[in-house]
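Every number in this text was worked out from the coordinates using simple rules, so none of it is lab data. Predicted model only: the values in this text are computed from it and were never measured. Don't worry about glycine lacking a Cβ; one is built from the backbone with ideal geometry, like all the others, and counts go over all protein chains shown.
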Amino acid sequence: MSAQSATVIATYSRRMGLRLANGDEVNARIKGKRIKPVCGDEVSAEPIENEADWLITSINERRNELTRPNMRGQVEVLAANVDTLVVVASVAPLPDWYIVDRYLCAAELMGVDSIVVFNKTDLLAGHDIEIPELQEYRDIGIPVFECSAEKGKGIRKIRKALANQRTIVVGQSGVGKSSIINKLIEDSRQRVADISSKSGEGRHTTVNSVMIPLRSGGAVIDSPGVRDYAPALTSSNDAAIGFREIAEAAHSCRFANCRHLREPGCAVKDGVDAETISYRRYESFKRVVNLTEKLADGKYSGRA
Ligand code: GDP
Ligand code: ZN
């Protein structure tokens, strides 16, 4: 048997779970120290003589990467080849919409779709409360779903929206990401146990990350790192690309290098004045610009 292509479906410390082209699931080691496959990667792998493990020899070019700066200031890749970022906010803890905007900004920069899920609607106790921020997202074309993971309400629609997508779920701690993931994968839970036990590294081996298939096709990539992920933003130019309504208005600014702050003839400022661009989203945009400038000056090194 010779090399074939495979998908990384689980990562342990230096071992991986692979799905081969024929659907078989095997464990693999990595050839050399230079390559670092992550969940979602397409790789080349070959069988090892007289061993059950396969050997990963190379990683195919990635469509996109979910990255974040690690403690040493290096960029760490958490997952690759993702289709959709699900940003979760909830009734309690109260939403920090700036955090939601930062995740959405990261999704735009990665070139992946995003959806917003507003969880714990059961806590609204039947009150039909309009949340203006959710309408702002709908207005710029980002799908919004309201649900109660606890009551199982609204989950079916989310599952439908995520069919055939490779998804990651992010958001503030406590908003219900784990609960939503559990609802989405329901009948796949056994498979997660399978993947873990098949690794042959014992029941208590920590799985760094795992890609859990959905019955409707597609999969959810899950790990503590992915769930707690805070996006790395590189330049203040990126900020404008990451806010789609600002990026669109920017085409009409008088100056091509307009920063949308105090420049004359700024179509973004005009849009905010005319209320076609949300003032709150514009404030988020300015905060992201500020943050990236601090990053560039080396005055800031971590999260938030
Ligand atoms: P995570 O930190 O985002 O992964 O959040 P968890 O899934 O761990 O949930 C945090 C807490 O919120 C837990 O106590 C859950 O039981 C609770 N929770 C999750 N979803 C809901 C919901 O729809 N309604 C209510 N009332 N509580 C929920
Ligand atoms: Zn402008």
Worksheet, complete the sentence: Rg/Rh over Cα atoms for the chain, Kirkwood Rh, comes to 1.01
Item to complete: Could you go through region 76-85 in sequence order and give the Karplus-derived ³J(HN,Hα) for each residue, using 6.51 cos²θ - 1.76 cosθ + 1.60 with θ = phi - 60°, rounded to whole Hz, and x for Gly and Pro?
Response: 10, 8, 9, 7, 9, 6, 9, 9, 9, 9
Worksheet entry | Helix-only CD estimate at 222 nm, as mean residue ellipticity for the chain, using -39500 (n - 2.57) per DSSP H run (n ≥ 4) | -8500 deg cm²/dmol
Discussion item. Explain nothing, just the number: relative contact order of the chain, from Cα pairs under 8 Å at least 6 residues apart, as a whole percent.
Written reply: 16
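What is the Cα radius of gyration of region 1-48 over 2.2 N^0.38 Å, N being its residue count?
Rounded to two decimals, the normalised Rg is 1.02.
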Item to complete: Hey, can you grab everything whose amide H is under 5 Å from the amide H of VAL117? Only 5+ residues off in sequence or another chain; H modelled, so Pro and N-termini drop out.
Response: VAL87, VAL88, ALA89, PHE145
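If each residue of separation counts as 0.36 nm, what is the full-extension length gain between LEU94 and SER216 once their alpha-carbon separation is subtracted?
On the way: separation 122, 0.36 × 122 = 43.92 nm, distance 3.14 nm.
Full extension of this stretch gives 40.8 nm more.
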Worksheet entry | region 62-132 and region 247-282: distance between their alpha carbon centers, rounded to Å | 25
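At a 10 angstrom cut-off on C-beta neighbours, averaged per residue, how do the peptides 260-270, 208-218, 127-137 rank from highest to lowest?
208-218, 260-270, 127-137
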Fill in: Orphan Cys of the chain, criterion: no other Cys C-beta under 4.7 Å
CYS39, CYS105, CYS147, CYS266
Worksheet item: Quick one: putting +1 on the C-beta of Lys and Arg, -1 on the C-beta of Asp and Glu, what dipole do you get for the chain around its Cα centre, in Debye to the nearest 20?
Response: 620
Worksheet, complete the sentence: A correct fewest-to-most ranking of MET71, MET16, MET110 by other Cβ atoms within 10 Å would be MET71, MET110, MET16
Worksheet item: Given R₀ = 30 Å, FRET efficiency for GLU275-GLN74 by Cβ-Cβ distance, to 0.05?
Response: 0.10
